[in-house]
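K.L.:
Starting off with a structure, shown below.
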Amino acid sequence: MTSLSDLVEVVIGVDTHVDTHTAAIIDAGTGGVLGQVQVAATPAGYAELVEFVDTHPTR
C-alpha cells in the first residue's frame, strides 16, 4: 500500500464555516503543522487563503 507521504510533501486541509474558514498546511511525513490561517468567508478572505498557500515554501 502506498503511503500519502510517498506521493506528496504536504497536505492542505480547510475547515469551512459560515463566517470563517480555517486552513492548515500539514507535513505529510510527520503530521506536523507547518502553517495555519483563519480567514473571513468573503472574496477577500478567499484571496488571503490562496495567498497563504501560494507563499508557503513547500507546495
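K.L.:
Which one of these is surrounded by 13 or more Cβ atoms within 10 Å (Cβ to Cβ) and without any contact (Cβ under 8 Å) to a residue 24 or more places away in the chain: Val18, Val33, Val50, Val11?
P.N.:
Result: Val11 is the single residue among Val18, Val33, Val50, Val11 that is surrounded by 13 or more Cβ atoms within 10 Å (Cβ to Cβ) and without any contact (Cβ under 8 Å) to a residue 24 or more places away in the chain.
K.L.:
If you take the residues of region 6-56 that are hydroxyl-bearing (Ser, Thr, Tyr) and part of a loop (DSSP other than H, G, I, E, B), which of them is modelled with the highest pLDDT?
P.N.:
Thr42
K.L.:
While we're here: If you go through region 1-31 one residue at a time, how many are of a type in the set (Asp, Glu), out of contact with any Gly (no Cβ under 8 Å at 6 or more places or on another chain) and under 18 Å from Phe52 (Cα atoms)?
P.N.:
Selection size over region 1-31: 2.
K.L.:
Quick one: would you say Ala28 is under 27 Å from Thr2 (Cβ atoms), without any contact (Cβ under 8 Å) to a residue 24 or more places away in the chain and surrounded by 13 or more Cβ atoms within 10 Å (Cβ to Cβ)?
P.N.:
So Ala28 does not fit the description; no.
The values are calculated or read from the model by the stated rules, or taken from the named source; none is laboratory data. On a predicted model such as this, the values are computed, not experimentally measured, just so you know. Positions of Cβ are generated from backbone atoms using ideal geometry, with glycine treated the same way; all protein chains shown enter the neighbour counts.
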